[in-house]
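Working notes, beginning with the structure itself.
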Amino acid sequence: RWPSLLKYYSHTDGVSWLEEYKARHNAGLEAQRIVASFSKRFFSEHVPCDGFSDIETLRCPSHFFEDELMCILNMEGRKGLTWKYYAKKILYFLRQQNILKNLKEYLQRPTDRQSFLEGAVLIDQYCNPLSDICLKSVQAQVDDITDKVRKVLQTKNPRHPSLASKAEEILIPEVELQRQVLDAMNCVLYEQLKYKGNELDYYNSLNSYIHQVLIRRTGIPISLSVLYLTIARQLGVKLEPVNFPSHFLLRWCQGKEGSTDIFDYTYIDAFGKGKQLTVKECEYLIGHHVTEEFYGVVTSKEVLQRMVGNLLNLGKRESTDQSYQLLRDSLDLYLAMYPDNVQHLMLQARLYFHLGIWPEKVLDILQHIQALDPSQHGAVGYLVQHTLEHIERRKEEVGPEVKHRSDEKHKEVCFSIGLIMKHKRYGYNCVIYGWDPACMMGREWIRNMNVHSLPHGPHQPFYNVLVEDGSCRYAAQENLEYNSEPREIPHPDIGRYFSEFTGIYYLANTELEIRYPEDLELTRATVQKIYSSGKE
């Protein structure tokens, strides 16, 4: 019944299974209680930073709690959407907290015990906490590639020292023997397995995640370099990471070990099929001259910093993800490594302020910035003032506005909550989760969206819709029509508003139903009418 929990037990342990069952059962009840409470507590806002306090003080084994959350997420069918929505958020939080602890422990180790592969896995896990990613699995895939390299090497040199089972514990001193290893690696990686740099989709975040690099056999210079370096070291060849501008490289010593002369090294481009470069060719690669410092070796922490920096830049480029999840995750990782970096602390404060979430945390960050760098008082003061205003407005907010269909001012509203619609002009599919009797946006939005060019302008009902591309939009009634072939809308926030997909419309959850008390019956009647007329 619980195969995922098997890894927590040893066959030699004496276990009281009745006690374990009780603990798992109680953890399940606790998880269900917390998940059920989230919708009522946080429907009107983003889950606040202190919203997970119940989870941080769990009195049950965390692996049992997580297992119950996974059971909720894996429930079959189209029911329990709201439970799944909040179970996912809780699991996301729980796993990220554990991964951050592991990252901080990793960074405290001596540098010779900081595996580049493990660091890459930690970054991957933090950005994809719901995926099944573990160092053991990734290492097994790398070991499999290493074994393939050994087979190729054996055909070239049956007595090569890298063929020993413990090759990673030795260092091959002869340059010619090292070259044989690198040639065999290039043969396996780039000719047999077809690994390559992803030139066509360079700015895809999947290129930065090591488990995706292994699945898709493509990546960017730094992710492919981590893979290449790890395999080489397992075969007794010491390659070192080089933080070369615009294009991450590895270096291979041809002279005295530890030499400071950059010309004593050959530079390897893992993105370019393992091509070996001279100093001059490295400059040709990026199109300009660089000083000697850029050819120096970097630490595992600096490699992680660059990997996270790449994700940060991708996060800033996001356009469809309105929650900026990648930017938030990469900022968390960067500040875990450099907690006093004022530039990134300010970016984090501005991001939370822009999203309108966690105002209390924004104030904490700003206070920290002011203590680190008093010269930031202008920007800090501006954000503090507006954040305090946001907190005051939130205190003044009354309960949710209840919209009754029977009100005279709502008589023009034709569509109801849960209906799956199609946009007449842009063709996208969507589901309605809110409506206003007229456009409630400000003048600037109305002008920018050219609402006055519509026949009915802003003086017609407007609908809040969740769109299949993951966005949320505000659409005019005259631009929407019933979808004759309704299907599920794959939007990440669907469970926040709806509890079930019936196959032709969505059932509003309790909180949404309170706001639109008469919509559910109208939605059912509308759907019945559409299908009856269709049959006729």
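The values are calculated or read from the model by the stated rules, or taken from the named source; none is laboratory data. Computed from a predicted structure; not experimentally measured. Counting neighbours? That spans all protein chains shown, and the Cβs are built from the backbone with ideal geometry, glycine included. Each accessible area value is taken on the protein alone, full model and side chains, heavy atoms only, with ligands, DNA and RNA left out. Shrake-Rupley method; radii C 1.70, N 1.55, O 1.52, S 1.80 Å.
For a straight C-alpha distance cut-off of 17 angstrom, the aspartates and glutamates reachable from residue 156 (same-chain residues fewer than eight places away being disregarded) are 147, 174, 176, 183, 191. Listed by chain and number, the lysines whose C-alpha is less than 20 Å from the C-alpha of residue 89, apart from same-chain residues fewer than 8 away, are 40, 79, 101, 361.
Highest mean packing comes first when the peptides 222-233, 473-484 are listed by Cβ atoms within 10 Å, giving 222-233, 473-484.
Label zone of residue 192 (point 7 Å out along Cα→Cβ, amide N under 15 Å): in the stretch 232-256 this covers 232, 235.
Heavy atoms of the protein chains alone define the surface here; on that basis the stretch 179-256 has 36 Å² accessible area per residue at 1.4 Å probe size. Among 108-120, 13-25, sorting by the average number of other beta carbon atoms lying within 10 angstrom of each residue, highest first, gives 108-120, 13-25.
Just order 178-191, 67-80 by mean Cβ neighbour count inside 10 Å, highest at the front, would you?
178-191, 67-80
Modelled this way, with points 7 Å down the Cα-to-C-beta line, the labels at residue 75 and residue 22 are 2.8 nm from one another.
Could you tally the net charge around residue 368, taking each other residue with its Cβ under 12 Å from the Cβ of residue 368, Lys/Arg +1 and Asp/Glu -1?
On the way: positive: 361; negative: 340, 364, 373.
Its environment carries a net charge of -2.
For the pair residue 171 and residue 136, the difference between a 0.36 nm per residue extended length and the Cα-Cα distance amounts to 10.2 nm. At a probe radius of 1.4 angstrom, the accessible area of the stretch 393-515 per residue rounds to 54 square angstrom.
What dipole magnitude, in Debye to the nearest 20, does the stretch 135-303 give about its Cα centre under +1 on Lys/Arg Cβ and -1 on Asp/Glu Cβ?
Values: 20 positive and 21 negative charges, 141 e Å.
Dipole size: approximately 680 debye.
A simple count of charges around residue 85, restricted to other residues whose Cβ falls under 11 Å of its Cβ and scoring Lys, Arg +1 and Asp, Glu -1, yields +3. Shown for the chain are the DSSP H helices of 18 Å or more along their axis, judged by Cα atoms, with a mean Kyte-Doolittle hydropathy of at least 0.5: 221-234. For the stretch 104-163, the square roots of the Cα gyration tensor eigenvalues, ordered a ≥ b ≥ c, give a/c of at least 1.5 with a/b no greater than b/c, which places it in the oblate category. Helical runs assigned H by DSSP (4 residues or longer) give the chain a calculated mean residue ellipticity at 222 nm of -15500 deg cm²/dmol, each run adding -39500 (n - 2.57) before division by the residue total. Per atom type, the chain shows carbon and sulfur on 50% of its accessible surface, probed at 1.4 Å. Shape class of the stretch 322-367 from the alpha-carbon gyration tensor: oblate, with a/c at 1.5 or above and b/c at least as large as a/b. In the stretch 5-108, inverting the average of 1/r over every pair of distinct C-alpha atoms gives 15.2 Å as the Kirkwood radius.
Quick check: from the Cα gyration tensor, does the stretch 135-303 come out rounded (a/c under 1.5), prolate or oblate?
Details: a/c = 1.72, a/b = 1.12, b/c = 1.53.
It is oblate, given that a/c is not under 1.5 and a/b is not larger than b/c.
Charge dipole of the stretch 339-397 (Cα centre as origin; +1 on each Lys and Arg Cβ, -1 on each Asp and Glu Cβ, all else neutral): 120 debye, rounded to the nearest 20. Net charge of the neighbourhood of residue 289, taken over other residues with C-beta under 15 Å away and scored Lys/Arg +1, Asp/Glu -1, is -3. Between the labelled values (1) 1.02; (2) 1.18; (3) 1.08, the entry that holds Cα Rg over 2.2 N^0.38 Å as derived from this structure is (2). A straight Cα-to-Cα reach below 16 Å connects residue 403 with the lysines 411, residues fewer than 8 places away in its own chain not being considered.
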